[in-house]
Amino acid sequence: MITDKRKTWLVWAGVSLSLVLAGCATTGYRAHPQLETRAKDVRTAALISPDIKVYELTTGGVRELRDDWCSKGKENVQEATLQYLQDKLANVKPTAVSKETEEELEEVYALYRAVSASIQLHVYGPYEFPEKKKNFDYSVGSIQRVLQHLGADVLVLVYGYDEISTSGRKALQAGAVAVGLLAGVVVVPRGGITQVSAGIVDASGSILWYNVKRSAGGCDLRDRESAARLLAEIFSDLPRFRK
């Protein structure tokens, strides 16, 4: 059950995320100050199904969620995540969610989305907190019981979304660019945005490692190779945990 305090977090996160989407730069991973020490105790990592939303971006700029695209996006992202983590994390395994832990994991993901929004606002910008950049210490609250059920030391959370422009929108944008060129005006079309973040969380709830990547029209999570390229960028700087 989500407490009132945590509900407040989620409401705040919605506002924060809308600001994030207005355009903040996302470059470089962030790590907990005690990452090196805590990583030595990690033997098993649980990877649950990524939280991926794929939208169709209409000619008028309206986002419409496509369940079939979401399923494909989740599949590609999980496959790529597992591929890149196998060489970095100790005994990483995709984990099926039981009814016993389903509600708790939904809450963990909800809190992770809220914390992720805060990280993007205050660590990556546009409203940077110098102390947060210097001392990356974020938490989703204790997940010890969840990890005990999953038989793991850390939990890998992957969250993101993708906007796929319709052919009509692409044609409209191309026309706008052409008209702009004739008028001597540079028109920069707004393509679909892809954004994916990944976090590794220990039993205390601390985010030991975090990274986020954003692409404007250059990625399609429905495509296996495209998703793999984006996840390769995200995990390229992940240090090796104890084998």
Highest mean first, what order results for 111-119, 214-222 on Cβ atoms within 10 Å? 111-119, 214-222
Between Gln148 and Thr37, what length in nm is gained on full extension when 0.36 nm per residue of separation is reduced by their alpha carbon distance? 37.9 nm
Checked against a 22 Å limit on the C-alpha separation, the offending pairs among Lys88/Lys133; Lys72/Lys213; Lys132/Lys213; Lys88/Lys213; Lys72/Lys93 are Lys88/Lys133
Which of rounded, prolate, oblate describes the stretch 36-114, given a ≥ b ≥ c as roots of the alpha-carbon gyration tensor eigenvalues and a/c under 1.5 marking rounded, otherwise prolate only if a/b is larger than b/c? prolate
5 Å is the cut-off here: which amide hydrogens, built 1.01 Å from N in the peptide plane, fall below it relative to Ser165, excluding neighbours closer than 5 in sequence? Leu57, Gly192
Karplus 3J(HN,Hα) series, Hz, for the stretch 217-229 with 6.51 cos²θ - 1.76 cosθ + 1.60 (x for Gly, Pro): x, x, 9, 9, 5, 6, 9, 4, 5, 5, 4, 4, 5
Unit charges on C-beta of K, R, D, E only; dipole of the stretch 125-165, Debye: 200 debye
Please turn the phi angles of the stretch 147-163 into ³J(HN,Hα) values with the Karplus equation 6.51 cos²θ - 1.76 cosθ + 1.60 (θ = phi - 60°), one per residue in order, whole Hz, x for glycine and proline. 5, 5, 5, 7, x, 9, 9, 9, 10, 9, 10, 10, 9, x, 8, 9, 10
For the stretch 111-127, take each phi angle, set θ = phi - 60°, evaluate the Karplus expression 6.51 cos²θ - 1.76 cosθ + 1.60, and give the result in whole Hz per residue in order, putting x for glycine and proline. 5, 4, 4, 5, 5, 4, 4, 5, 4, 5, 6, 9, 9, 8, x, x, 10
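Only the coordinates and a few stated rules stand behind these numbers; no lab work does. All of these numbers come straight from a predicted model, not from anything done at the bench. Positions of Cβ are generated from backbone atoms using ideal geometry, with glycine treated the same way; all protein chains shown enter the neighbour counts.
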